[in-house]
Amino acid sequence: MGLREKQKADRMLRILDAAKELLSHQSFDDVRAEAIAERAEVSPGTLYNYFGGKNEILLTLAAIENEHLLDLGEAVVPDGATSAKALLNRLFDIYYGDTYMMWHRDIWRLGFALAFTDVSTEYSKRLRDSDRALRQQVVRATVQLQAQGKLRADLDCSVFGAMLFNNANMLFLEFTWSEHTTFDELRLQIRKMTEAMIDLAVPPGDAAG
């Protein structure tokens, strides 16, 4: 990478870091693009050279968070001593850990809305791709568990893994709509539903799951 490319990458990283810091303490409407630029020590014009505005920055940050979770999830590998419940709970604990709630609910609501409406932009595509990659990570985990005899041999893991992920994702979406559900309650809901589905997928006689 040449000097010019390094400088460009550094400015983009500073913009994203500045936006992440401001959005972790303020609502989306309260964070101005000019404030992000000032914190990143770039001009507003430079910010707009990299992003069309706050919406694109938000989608990029959400995708980066998903990609980080994907990297963390790669360390969760089934072994002979780990049950299906323990391993899949570990994955979802990563996906919906404390760092996932770095923003207020209104910011997540907007992020979902933008991902659904701005479907043609590279920023929205990156977020959707990262979401699909997380889902596929769960599918791979179920395939590995099945190979170890911890899930039924007749189970379609591509369907089962996607179902587990989509259910957790929907619970999170519902959480962002609610003003009363706590993050701990969300994680408990995900765990209970995940374990209930696993109970239906373990081999007969395997009570531990």
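The values are calculated or read from the model by the stated rules, or taken from the named source; none is laboratory data. Remember, it's a predicted structure, so these values are computed and weren't measured experimentally. Note that each Cβ is placed from the backbone with ideal geometry, even for glycine, and that neighbours are counted across all protein chains shown.
Kindly check whether there is at least one residue in segment 42-51 that is closer than 27 Å to residue 97 by Cβ and part of a helix (DSSP H, G or I). No: zero hits. Just checking, does segment 77-92 include any residue being under 15 Å from the mean Cα position of the chain (by Cα), of a type in the set (Lys, Arg), over 29 Å from residue 145 (Cα atoms) and assigned by TED's automatic domain parsing to the domain that holds residue 175? Checked segment 77-92: no residue is under 15 Å from the mean Cα position of the chain (by Cα), of a type in the set (Lys, Arg), over 29 Å from residue 145 (Cα atoms) and assigned by TED's automatic domain parsing to the domain that holds residue 175.
I'd like to verify a number: residues in segment 162-189 that are polar (S, T, N, Q) and either under 15 Å from the mean Cα position of the chain (by Cα) or modelled with pLDDT of 95 or more (or both), how many?
Kept after step one, since they are polar (S, T, N, Q), are these residues of segment 162-189: 166-167, 169, 176, 178, 181-182, 189.
Still in the running and either under 15 Å from the mean Cα position of the chain (by Cα) or modelled with pLDDT of 95 or more (or both): 166-167, 169, 176, 189.
Selection size over segment 162-189: 5.
Taking segment 124-156 as the range and being among the polar types (S, T, N, Q) and farther than 21 Å from residue 198 by Cα as the test, the residues that pass are 124, 130.
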